[in-house]
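Beneath this line is the structure, given in structure tokens, with notes to follow.
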Amino acid sequence: MSTDQKQYLWWQDGIIYQVYPRSFQDSNGDGIGDLQGIIQRLPYLQQLGIKAIWISPIYPSPMADFGYDISDYKGIWPTFGTMADFDQLLQQVHAAGMRLILDLVPNHSSDEHPWFIESRSSRDNPKRDWYIWKDAKPDGSPPNNWLSVFGGSAWEWDEKTKQYYYHAFLVKQPDLNWRNPEVEKAILDIMRFWLDKGVDGFRVDAMWHLVKDAQWRDNPRNPEYNDTMATYNQLLPVYSTDQPEMHGIVAAMRQVLDGYSERLMIAEIYLPIHRLVAYYGVNNSEAHLPFNFLLISLPWDARQIAVAIDEYEGALPTDAWPNWVIGNHDQPRITSRVGREQALVAAILLLTLRGTPTLYYGDEIGMIDVPIPPEEVQDPQGLNMPGKNLSRDPERTPMLWDNSKNAGFTRSQPWLRLDRAWHRDNAAMQENDFYSPFALYRRLIQWRQREPSLKTGSYRPVYSDHQMIAYIREAPGHTAFLIVLNLTHRPCYFTPATISFKGVIVVDILPELEQITVENSIDLSGDEGLIVRLDEWKPK
Ligand code: NOJ
């Protein structure tokens, strides 16, 4: 047999782990996580087996959107630490054989950024055109009907200079004007600043928002809207996002990265598959990994997910590298979306599909969305649209480390309340429990990282129905693996008509079944998922 000699880059065969810095580990007792806290927890991440850490924004910020409103792109927010702390973190991440990815927020700055302070100071200020300023309509209303993602109009009236400015997110997050070449130059310069320090790449925030329609046309109504949705969804953002000019900008960012060795660009993009894959660019000249949120956005339904995996695989341009995500700081946690049992099935799916997985801190110990009483809500999305259960605080609660005070997160009052069950379910306890979510994650990661077929092999769909999804991962010259997942609570029976097989279960949500030999059929309990090492298999 020939062996697969292809070399893969660190972001292709490694796993990415998202740290939400406010909630990971507090080192100085102010109740808010910080960079020294992340340093303390590097051994945990190393033993989990992840390759890269992506940290949500750590820059100076008024924190109106918890760091996604930046007032200095080249500094560190003092509550998180100093630039010396950052340099130490970067050095220690690298010393541990891992990589560090920062969040880049090019769509908007804080309204407290010096650029915007200048821009709003007068109509003839040289920075005026760095942001998006428009006259009112004759009746004084905003220039068009565009809505803010966080509720209300996306236009804010400025009394002093008598124009509106555009903000896709908060009033305190004015959008930069990417049609002005000086803006592009400034952001590319910021990228170089961090790359020169040695950071390994960026997760680019809100990438599909950067350029807006040149004619500022009204967005059409969304016929699917209902009032459980965010008010933003009343319209389809066809003119305010995903404009053709985006691709030149993403390519320019990519060229900056390509000036360095092996740096990564992940792009945050919520678009349907065929629009999403365009952000790989012609000949892969744009984002390395346009984030694939299919497993977040689809209902937890075996048929729909199986079809979506095939659609995504089928839509990927030649040599484009896939990726998968099941959680982040903007979305309900997987455990709360699909339940504790199915969250384990989701873990197997995430870690056995073809492409780079991104884990969200705490998902590996099955953290849940913590209910936050109305008077404690801090997230602007929740505060601006009350009554719709849209606050993102529940998925941003402190990491549950151990059963010391405040789950080992802080020695004082945590900035956001903890899951009440922390003393009986936390990372330290799960590390010693073979039946825990953490133990399953670790086994999955070990198998994935050890076996070329699971790490970088091809994806071959085998079977799916209303209960299950089954597929084979296979790399030339290496043992192939069969993955069978039951996405329901009821038992199901895998008896594929298209293949015959014989092998050994190597990972199972029910660990007592590991090491059992299976041949041509497998009976699955409700909520069971497993990986079979295929000693023999062939299409029928
Ligand atoms: C996406 C980020 O993930 C989210 O947290 C933030 O509120 C918006 N972009 C605005 O920057």
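General observations
- Residue list for segment 365-397, filter: outside any helix (DSSP H, G or I) and of a type in the set (Val, Ile, Thr): 368, 370, 372, 377, 397
- Within segment 486-505, the set of residues being buried (at least 19 other Cβ atoms within 10 Å of the Cβ) and either in the same structural domain as residue 300 (by TED's automatic domain parsing) or outside any loop (DSSP other than H, G, I, E, B) (or both) comprises 486, 492, 494, 501, 503, 505.
Yes or no, residue by residue, for (1) within 13 Å of the ligand (Cβ to nearest atom); (2) under 30 Å from residue 476 (Cβ atoms):
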| site | (1), (2) |
| --- | --- |
| 16 | no, yes |
| 29 | no, no |
| 32 | no, no |
| 65 | yes, no |
| 93 | no, no |
| 108 | yes, no |
| 115 | no, no |
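- Hey, residue 432 modelled with pLDDT of 95 or more, surrounded by fewer than 21 Cβ atoms within 10 Å (Cβ to Cβ) and under 17 Å from residue 330 (Cα atoms) or not: no
- Residue 477 being touching a Leu at 6+ places or on another chain (Cβ under 8 Å), outside the structural domain of residue 352 (by TED's automatic domain parsing) and more than 18 Å from residue 437 (Cα to Cα): no
- Among the residues of segment 37-62, those that are polar (S, T, N, Q) and within 16 Å of the ligand (Cβ to nearest atom) comprise 56, 61.
- Test for residue 168: is it under 22 Å from the mean Cα position of the chain (by Cα), at pLDDT 95 or above and surrounded by 23 or more Cβ atoms within 10 Å (Cβ to Cβ): yes
- Residue within segment 297-310 that is modelled with pLDDT of 95 or more and under 17 Å from the mean Cα position of the chain (by Cα) present: yes
- Residue within segment 234-255 that is closer than 19 Å to residue 328 by Cβ and either at pLDDT 95 or above or not assigned by TED's automatic domain parsing to the domain that holds residue 383 (or both) present: yes
- Scan segment 178-188 for residues that are over 25 Å from the mean Cα position of the chain (by Cα) and under 18 Å from residue 205 (Cβ atoms) and the total you get is 2.
- Of the helices (runs of 4 or more DSSP H) entirely within segment 277-364, none holds at least 3 residues that are crowded, with 20+ Cβ neighbours inside 10 Å and either basic (Lys, Arg) or without any contact (Cβ under 8 Å) to a residue 24 or more places away in the chain (or both).
- Residue list for segment 95-106, filter: of a type in the set (A, V, I, L, M) and within 15 Å of the ligand (Cβ to nearest atom): 101, 102, 104, 105
- Failed item in (1) hydrophobic (A, V, I, L, M, F, W, C); (2) surrounded by 20 or more Cβ atoms within 10 Å (Cβ to Cβ); (3) on the phi > 0 side of the Ramachandran plot, with residue 216 passing the rest: (2)
- Qualifying residue in segment 469-480 (condition: in contact with a Phe, Trp or Tyr (Cβ under 9 Å, 6 or more places away or on another chain), among the aliphatic types (A, V, I, L, M), within 27 Å of residue 304 (Cα to Cα) and part of a loop (DSSP other than H, G, I, E, B)): no
- Per the listing 49, 33, 14, 29, the residue uniquely small (Gly, Ala, Ser), assigned by TED's automatic domain parsing to the domain that holds residue 95 and touching a Phe, Trp or Tyr at 6+ places or on another chain (Cβ under 7 Å) is 33.
- Considering segment 142-161, the residues that are in contact (Cβ under 8 Å) with a residue 12 or more places away in the chain, surrounded by fewer than 18 Cβ atoms within 10 Å (Cβ to Cβ) and more than 16 Å from the ligand (Cβ to nearest atom) include one that is farthest from residue 217 (Cα to Cα), namely 160.
- Residues of segment 64-83 that turn out to be in contact with an Asp or Glu (Cβ under 7 Å, 6 or more places away or on another chain) and either over 19 Å from residue 29 (Cβ atoms) or modelled with pLDDT under 95 (or both), as a count: 2
- Residue pairs meeting the criteria (Cβ under 9 Å; at least 6 apart or on separate chains; first closer than 17 Å to residue 205 by Cβ, in segment 244-259; second of a type in the set (Lys, Arg)): 256/192; 256/263; 257/263
- Residue match in segment 510-521 (condition: in contact (Cβ under 8 Å) with a residue 40 or more places away in the chain, outside the structural domain of residue 318 (by TED's automatic domain parsing) and under 23 Å from residue 364 (Cα atoms)): yes
- In segment 170-185, the residues that are under 27 Å from residue 256 (Cα atoms) and touching a residue at least 24 places away in the same chain (Cβ under 8 Å): 173, 174, 175, 176, 177, 178, 179, 180, 182, 183, 184
- Conditions (1) assigned to a strand (DSSP E or B); (2) touching a residue at least 60 places away in the same chain (Cβ under 8 Å); number of the one not met by residue 191: (1)
- Among residues of segment 99-135 being of a type in the set (Gly, Ala, Ser) and surrounded by fewer than 23 Cβ atoms within 10 Å (Cβ to Cβ), the one that is farthest from the chain's Cα centre (by Cα) is 122.
- Condition check for residue 70: under 16 Å from residue 16 (Cα atoms), within 16 Å of the ligand (Cβ to nearest atom) and surrounded by 23 or more Cβ atoms within 10 Å (Cβ to Cβ): no
- Residue, surrounded by the most Cβ atoms within 10 Å (Cβ to Cβ), within segment 13-33, restricted to residues that are of a type outside the set (S, T, N, Q) and over 20 Å from the mean Cα position of the chain (by Cα): 26
The values are calculated or read from the model by the stated rules, or taken from the named source; none is laboratory data. Just so it is clear, the structure is predicted and the values come from calculations on it, not from any experiment. Heads up, the Cβs are rebuilt from the backbone with ideal geometry, glycines too, and the neighbour counts pull from every protein chain shown.
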